[in-house]
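Taken together, the values in this text are just the output of simple stated rules run on the coordinates, not laboratory data. Remember, predicted model here, so these are calculated numbers, not experimental data. Because the Cβ atoms are built from the backbone with ideal geometry, glycine has one as well, and the counts that use them run over all protein chains shown.
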Amino acid sequence: MDVSKLTITETRALLADRKINAQELINAFLSYIRKTDGDTKAFINVTEEQALMRAKKIDDAVKSGKNLGPLSGVPMGVKDNICTKDIKTTCASKMLDNFLPPYDATVVERLHDAGAITLGKLNMDEFAMGSSTENSYYFKTKNPWDGGRVPGGSSGGSAAAVASGQVVYSLGSDTGGSIRQPAAFCGVVGLKPSYGRVSRWGLVAFAPSMDQVGPITKNVRDCALVLNNIAGHDSLDTTSMDCEVPDYERALVDDIKGLRVGIPEEFFGKGTDPAVIDRVERAIGILEEQGAICEKTTLPNSKYALPVYYVIATCEASSGLARFDGVRFGCRSEAEDLVSMYKSTRAEGFGPEVKFRILLGTYLLGPENYDKYYTKALKVRTLIRDDFERAFKKYDILVSPTTPTTAFKFGERMSNPAAMRQSDLLTIPANMAGIPAITVPCGLVEGMPVGMQIMGRPFGEKTLLRAAYTYECHRGCDYMTPTTGGGLGEGV
Amino acid sequence: MASIWEAVKRSAISANLDVSEEELDIYVQRIKDIIGTMDELRGISTENTEPTVNVLSAQNIFREDTVWEGLSRDSALKNAPCVEDGQFRVPKIV
């Protein structure tokens with residue numbers, strides 16, 4: 001059986017109809033991972049034993065007629081900065097090479113309660129700092145569409161594993177685009193929920209005021225199904241909002257008549273590849289054909305989002321990563337005295353990009369720079385939020401390309417950090433404002449996928465999903481795969 | 001150059017990071033490259049603008065003051081590089 005193209009809905013149907021049992025299904029996926037991951041390198045750790053144990057429990061429950069959870073038996077992958085009890089959680093860093101969390105992240109616990117089976121932990125940029133997964137301590141993950149290109153980052157392993165069919169869906173984290181950018185590069189769906197919609201308990205923080213966990217899936221329905229199971233208040237995360245969680249699957253209605261769509265002109269600027277713009281404009285055309293009212297708008301302060309992000313994210317990271325000191329967890333370099341031990345442990349345990357961001361953040365928080373850069377960035381963040389607030393008084397959603405270009409080649413931007421930063425140009429504004437944003441594949445440019453980004457009001461995931469679902473219904477294929485292209489050619 | 005180099009060196013000390021002078025040269029150059037874009041922010045008028053520390057409007061989130069089971073001592077120590085007598089062991093402090 002070819003399991004690589006299964007969606008959550010299809011997998012659930014196979015299991016419910018007893019066409020396959022959970023252990024057979026998991027074995028088929030493990031076999032597929034063994035066959036493909038030597039090349040793709042999406043997994044840092046495949047959790048075969050735990051997955052088969054969990055599958056057996058599900059098969060036993062089926063035999064005894066017990067009610068099963070909504071994701072029972074469906075295999076997933078988890079980004080390696082999300083804690084999994086007694087399973088290594090490395091953040092793709094030497095610092096945490098042997099870290100075994102004593103608890104599951106809330107998102108993992110909720111998915112396991114729903115019957116999900118974790119197949120393993122997925123590669124990423126070290127501590128989620130990067131846009132290509134080239135900053136992993138372990139190895140580089142390849143883009144399943146073209147092995148010479150990056151899968152994006154920082155959730156590159158999560159996106160590549162879904163695109164190549166090694167898992168049905170995965171979890172990623174998104175601080176400045178780390179779910180949406182790799183999902184767009186790999187031709188899959190990725191959602192950054194509203195800040196506060198999904199618990200961050202057990203997510204190893206990069207920049208806590210912007211981090212969110214979210215799903216990467218093959219289609220929009222799967223995205224809604226995963227969100228249904230991870231959204232909601234968690235008393236262990238004080239930034240998780242205690243507000244109603246709708247049934248996101250019920251939002252999947254093929255109807256956007258009268259939906260007001262804003263098209264922010266700053267997101268279609270000179271830094272964005274005209275061919276990418278062309279594919280997104282065609283997708284907007286489909287939204288219009290379905291009855292959406294689309295018009296150009298402006299978010300004038302979004303052009304400052306990139307520097308604001310780099311100030312805030314590095315300042316938060318430099319403070320948060322102070323806890324990695326070789327005392328309670330992680331690696332340790334032996335030294336004569338305590339401070340020398342801290343210094344050598346951190347020098348040895350962190351990679352160059354993490355060290356750079358810690359240094360930059362510490363420098364920006366210094367007494368001579370704090371107000372000049374940090375306080376200023378927080379104020380400009382308010383202006384960016386205000387732009388969105390104004391726009392959402394007039395529009396239900398905003399639509400743009402997810403990334404300025406398609407996936408780039410390995411090494412192409414490692415020596416050019418400014419160019420690397422540009423790949424997050426269009427995703428960062430949503431993190432600044434804490435709003436939800438989804439990417440949906442909308443065509444190819446020279447054989448590589450393009451993503452359309454849809455942004456919505458805070459806690460407006462239902463509207464995002466409805467718009468994305470409607471587009472998907474009329475796009476011409478259910479989902480795109482690297483082997484088939486999903487029927488979406490260059491000219492779509 | 002000298003002043004930013006010294007400031008970044010001080011930052012490395014504050015951040016408890018051992019950084020060689022060669023590494024420092026590279027990091028200082030990268031910081032100089034990115035600080036230019038950050039300097040653009042200084043020209044933006046934010047006179048009457050409040051900073052955004054948290055995008056959520058909710059404040060003061062309370063919970064019931066109840067006791068629940070935390071990590072056991074063994075679990076808390078399991079990942080420690082060095083343990084002695086049920087406690088984290090570190091090199092000499094003074």
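Can you tell me, using C-alpha contacts under 8 Å and at least 6 residues apart, the relative contact order of chain A as a whole percent? Rounded, it is 17 percent for chain A. Gyration tensor over the Cα atoms of region A:75-201: the corresponding equivalent ellipsoid has semi-axes (square roots of 5 times the eigenvalues, largest first) of 21, 16, 14 Å. For region A:161-201, the pair-distance distribution built from all alpha carbon pairs, in bins 5 Å wide starting at 0, is 5, 22, 31, 22, 13, 6, 0 percent. The radius of gyration of the Cα set in region A:173-313, together with its Dmax, comes out at 16.8, 46 angstrom. Across peptide A:433-443, the mean count of Cβ atoms from other chains lying within 10 Å of each residue's own Cβ comes to 1.
Estimate the FRET efficiency between A:Met53 and B:Glu47 by the formula 1/(1 + (r/R0)^6), using the beta-carbon distance for r and 60 Å for R0, to the nearest 0.05.
The calculated FRET efficiency here is 0.50.
Each of the peptides B:9-22, A:114-127, A:437-450 was scored by the mean count of other Cβ atoms within 10 Å over its residues; in descending order, highest first, they stand as A:114-127, A:437-450, B:9-22.
The value given for region B:1-43 is a Kirkwood hydrodynamic radius of 11.0 Å, derived from the mean inverse Cα-Cα separation. The Cα atoms of region A:30-72 cover 41, 19, 15 Å along the three principal axes, with the biggest extent listed first.
Suppose R0 equals 22 Å; then what is the FRET efficiency for B:Phe88 and A:Leu236 from their Cβ-Cβ distance, rounded to the nearest 0.05? Efficiency, from the Cβ-Cβ distance: 0.40. Both radii come from the Cα set of chain B: Rg as radius of gyration, Rh as Kirkwood radius; their ratio Rg/Rh reads 1.16. Remark: spin-label model distance A:Met1-B:Asp33 equals 4.9 nm, labels positioned 7 Å along the Cα→Cβ axis. Using alpha carbon centroids, what distance separates region A:132-170 and region A:27-79, in Å? Here the answer is 19 Å between Cα centres.
Note on region A:1-150: Rg/Rh from Cα positions, Kirkwood definition for Rh, rounded to two decimals, is 0.99.
Within the shell of other residues whose beta carbon sits under 10 angstrom from the beta carbon of A:Ile397, the net charge comes to +2, with Lys and Arg scored +1 and Asp and Glu -1.
Under a cut-off of 20 Å between alpha-carbon atoms, report the aspartates and glutamates in cross-link reach of A:Lys94, not counting same-chain residues fewer than 8 places apart. Correct list for A:Lys94: A:Asp80, A:Asp86, A:Asp125, A:Glu126, A:Glu134, A:Asp325, A:Glu334, A:Glu348, A:Glu353, B:Asp18, B:Glu23.
Which residues does a label at A:Glu289 reach in region A:410-454, if reach means a backbone N under 17 Å from a point 7 Å past the Cα toward the Cβ? Those under the cut-off are A:441-444, A:452.
In chain A, helices alone account for a calculated mean residue ellipticity at 222 nm of -11500 deg cm²/dmol, with every DSSP H run of four or more residues adding -39,500 (n - 2.57). Loop-located trypsin sites (Lys or Arg not before Pro) in region A:25-103 (DSSP state other than H, G, I, E, B) with a sparse environment of at most 15 neighbouring Cβ atoms within 10 Å: A:Lys66.
Under 5 Å from the amide H of A:Cys294 lie the amide H atoms of A:Val261, each residue being 5 or more positions distant or on a separate chain, with H modelled from the backbone and absent for Pro and chain starts. Helix content alone sets the calculated 222 nm mean residue ellipticity of chain B: runs of n ≥ 4 DSSP H residues at -39500 (n - 2.57) each, divided across all residues, give -12500 deg cm²/dmol. For the pair A:Lys19 and A:Ser64, what calculated FRET efficiency results from E = 1/(1 + (r/R0)^6), where r is the Cβ-Cβ distance and R0 = 25 Å, to the nearest 0.05? So, using R0 = 25 Å, E works out to roughly 0.80. Relative contact order of region A:158-234: 35 percent, from C-alpha pairs under 8 Å at least 6 residues apart in sequence.
Looking at region A:182-283, the trypsin sites (Lys or Arg not before Pro) that sit in a DSSP loop and have at most 16 other Cβ atoms within 10 Å of their own Cβ are A:Lys257, A:Lys270. Averaged over the residues of peptide B:42-49, the number of Cβ atoms from other protein chains lying within 10 Å of each residue's Cβ is 4.
Sorting the Cα pairs of region A:327-415 by distance into bins of 5 Å, from 0 upward, gives 3, 10, 10, 11, 12, 14, 15, 12, 7, 4, 2, 1, 0 percent per bin. Beta bridges per DSSP, both residues in the protein assembly as shown: antiparallel share near 65 percent.
Cross-link pairs exceeding 18 Å in C-alpha to C-alpha distance, out of A:Lys85/A:Lys121; A:Lys192/A:Lys218; A:Lys85/A:Lys142, comprise A:Lys85/A:Lys142.
In this structure the amide hydrogen of A:Phe43, modeled in the peptide plane, comes within under 5 Å of the amide hydrogens of A:Asn123, none closer than 5 places in sequence on its chain. Rg and Dmax over the alpha-carbon atoms of chain A stand at 21.3, 71 Å.
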